[in-house]
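S.K.: Provided herewith is a single structure, encoded as structure tokens, for subsequent inquiry.
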Amino acid sequence: MKISVIGTGYVGLVTATCFADLGNSVIGVDIDDKKINKLKNGVSPIYEQGLTELLAKNLRDGNLEFTTDIKYAVENSNIVYIAVGTPQGETGEADLSYLEAAIADISKYLDHEVIIVNKSTVPVGTGNYVKKILVEKSIDPKMFSVVSNPEFLKEGSAINDFMYPDRVVVGSDKKEALEIIADLYRPITTNIIKTDILSAEMIKYASNAFLATKISFINEISNICDRVGANVKEVAKGMGLDKRIGSKFLNAGIGYGGSCFPKDTLALIDIAKKAGYDFQILNKVVEVNKKQRNIFLEKVIGHCKTLEGKKFAVWGLAFKDNTDDMRESPSLDVIPYLLSKGAEVIAYDPIAVDNAKKLLPSNVKYGSNRYDVLNNCDALLILTDWKEFIEADFNVIGKELKGKVIIDGRNIYSKEKVEGFGIKYIGMGI
């Protein structure tokens, strides 16, 4: 198939590259000249495992190209994917201005039948809204079909998630378009959910909101464990073996972050509110997630008594491992608070330092590796669960860390193991 993907951010770039790798002819489109020039040279603007290699391969094979010329892209495609940002608005609603701009651009050059596919996370009813915009721009309804094909990619494993999906969701009121988009995925899965466009849009929000709920639930359990003396890791293990519950997303800690869960939970609350419904559970999920950062800080204060004059080593700046994404990262709350109370912070992250420097206060110091940030520090704070932190040498930590305490916001260690090296361990619900 001839596919264009409008938007070369996280979702758009992974989508374009993977479709090209499946043998399609793909054009990636973006208004950012610098980004497009980098992509033409095989340089990815985002960090994602395996993406650089796949990008280079498909550029070399001729399956993938990049341009700022949307006219060229639309005229040379029979499927147009929209993968632009839908950032959070002031009241939690999704901002559709980038999507509206993309539709306006498509309408200018629509001279043949195309399938327009929403890959962006959009409110329920957006597919019908897209159709309405095109009709208002005097586009013959016979010239286009609109399909919802939400993404379920996890940062850090997006290539694998695309190529080996749990399921693919495709929604449209036109059967032929539904089948064409479903056929794109048949080389990689038979688990394709074909439904109406409204249900497809809701599946995306409902999925992310449920996972966010699961995280906030186990974090509430961890807070109770702290008070009654139970170990949340053991509790989660016992819960997760129940097939009705499952073990994924039962890792207690400092709360969720990133580009999806925070934005999508608030967007679904807004969707419900506009439909006249108070989504009470999800409101509490958001509240609990915010509270977890404060609970972590309370543990730091509880140990140190005062933050004034203290020096903290921080391991992890990105919101999760295997990504350089800083969006809604706990570090953006924790580190500024410590600094505001007179503490000193020296931080390390394997990938995200450059992005962190753009967002964190200028007086944060950075180390070149995990161990050189420890010297003369009163405590080590763990904010991201990178593998290299999990595999750290406690003999080195014990030697370098003055305060001999680890306060672990991700519960990546065993309390017994850490304290066996003479280091105090404070976890979340452990």
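The values are calculated or read from the model by the stated rules, or taken from the named source; none is laboratory data. Predicted model only: the values in this text are computed from it and were never measured. Cβ: placed from backbone, ideal geometry, glycine included. Neighbour counts: every protein chain shown.
S.K.: From the list SER107, SER120, SER145, pick out the single residue that is out of contact with any Cys (no Cβ under 8 Å at 6 or more places or on another chain), more than 21 Å from ALA200 (Cα to Cα) and not charged (D, E, K, R).
M.R.: Answer to the selection: SER107.
S.K.: Please find, among LEU374, LEU380, the residue that is in contact with a helix residue (DSSP H, G or I) (Cβ under 6 Å, 6 or more places away or on another chain), over 17 Å from ARG293 (Cβ atoms) and surrounded by 20 or more Cβ atoms within 10 Å (Cβ to Cβ). Before the answer, list the steps.
M.R.: Details: LEU380 fails: in contact with a helix residue (DSSP H, G or I) (Cβ under 6 Å, 6 or more places away or on another chain).
After applying the criteria, what remains is LEU374.
S.K.: Sticking with this structure for a sec: Restricting the search to region 101-131, which residues are polar (S, T, N, Q) and within 17 Å of GLY7 (Cα to Cα)? Write out each step before concluding.
M.R.: Let us first name the residues in region 101-131 that are polar (S, T, N, Q), namely 107, 118, 120-121, 126, 128.
Across region 101-131, the qualifying residues are SER107, ASN118, SER120, THR121.
S.K.: With respect to GLY257, determine if the residue is touching an Asp or Glu at 6+ places or on another chain (Cβ under 6 Å) and closer than 22 Å to ASP333 by Cβ. Break it down into steps so the answer makes sense when it comes.
M.R.: Working: touching an Asp or Glu at 6+ places or on another chain (Cβ under 6 Å): yes; closer than 22 Å to ASP333 by Cβ: yes.
Judged against the criteria, GLY257 is a match.
S.K.: Would you kindly identify the helices (runs of 4 or more DSSP H) lying entirely within region 340-430 that contain at least 1 residues that are among the aromatic types (Phe, Trp, Tyr), touching a Ser or Thr at 6+ places or on another chain (Cβ under 8 Å) and closer than 28 Å to ILE215 by Cα?
M.R.: Answer list for region 340-430: none.
S.K.: Kindly list the number of the only condition in (1) in the same structural domain as GLU388 (by TED's automatic domain parsing); (2) touching a Ser or Thr at 6+ places or on another chain (Cβ under 8 Å); (3) part of a helix (DSSP H, G or I) that fails for ILE301.
M.R.: With (1) in the same structural domain as GLU388 (by TED's automatic domain parsing); (2) touching a Ser or Thr at 6+ places or on another chain (Cβ under 8 Å); (3) part of a helix (DSSP H, G or I) applied to ILE301, the lone miss is (2).
S.K.: For region 207-230, what are the residues that are farther than 13 Å from VAL285 by Cβ and either outside any helix (DSSP H, G or I) or not acidic (Asp, Glu) (or both)?
M.R.: Taking region 207-230 first, the residues farther than 13 Å from VAL285 by Cβ are 207, 221-230.
Within region 207-230, SER207, ILE221, SER222, ASN223, ILE224, CYS225, ARG227, VAL228, GLY229, ALA230 meet the criteria.
S.K.: Which one is nearest to THR195 (Cα to Cα) among residues in region 134-166 that are in contact with a strand residue (DSSP E or B) (Cβ under 8 Å, 6 or more places away or on another chain) and β-branched (Val, Ile, Thr)?
M.R.: VAL147
S.K.: Could you pull out the residue among GLU151, GLU113 that is under 18 Å from ILE181 (Cα atoms) and crowded, with 21+ Cβ neighbours inside 10 Å?
M.R.: From the options GLU151, GLU113, the qualifying one is GLU151.
S.K.: Among the residues of region 84-107 satisfying the criterion of being of a type in the set (D, E, K, R) and either modelled with pLDDT of 95 or more or over 19 Å from the mean Cα position of the chain (by Cα) (or both), which is nearest to SER138 (Cα to Cα)?
M.R.: Among those residues, the one meeting the criterion is ASP105.
S.K.: Tell me which residues, restricted to region 116-133, are over 18 Å from ILE181 (Cβ atoms) and in contact with a strand residue (DSSP E or B) (Cβ under 8 Å, 6 or more places away or on another chain).
M.R.: PRO123
S.K.: Right, another one. Check region 354-365 and report whether any residue there is basic (Lys, Arg), crowded, with 20+ Cβ neighbours inside 10 Å and under 26 Å from the mean Cα position of the chain (by Cα).
M.R.: no
S.K.: Would a scan of region 284-302 turn up a residue that is at negative phi and small (Gly, Ala, Ser)?
M.R.: There is at least one residue in region 284-302 that is at negative phi and small (Gly, Ala, Ser).
S.K.: Confirm whether TYR337 is in a loop (DSSP other than H, G, I, E, B), surrounded by fewer than 22 Cβ atoms within 10 Å (Cβ to Cβ) and either aromatic (Phe, Trp, Tyr) or touching a Lys or Arg at 6+ places or on another chain (Cβ under 7 Å) (or both).
M.R.: no
S.K.: I'm trying to understand the selection: among the residues of region 139-187, which are aromatic (Phe, Trp, Tyr), assigned to a loop (DSSP other than H, G, I, E, B) and touching a residue at least 40 places away in the same chain (Cβ under 8 Å)? Steps first, answer last, please.
M.R.: In the first step, residues of region 139-187 are kept if they are aromatic (Phe, Trp, Tyr); the result is 144, 152, 162, 164, 185.
Right, trim to assigned to a loop (DSSP other than H, G, I, E, B) and you get 152, 164.
Selection gives PHE152 alone.
S.K.: Could you list, in sequence order, the residues of region 38-53 that are closer than 15 Å to ILE159 by Cα and of a type in the set (D, E, K, R)?
M.R.: Looking only at region 38-53, we keep the residues that are closer than 15 Å to ILE159 by Cα, and these are 44, 46-53.
Of everything in region 38-53, those that are closer than 15 Å to ILE159 by Cα and of a type in the set (D, E, K, R) turn out to be GLU48, GLU53.
S.K.: Any residue that is surrounded by fewer than 20 Cβ atoms within 10 Å (Cβ to Cβ), of a type in the set (D, E, K, R) and touching a Pro at 6+ places or on another chain (Cβ under 7 Å) - is there at least one of those in region 323-332?
M.R.: Yes, region 323-332 has at least one match.
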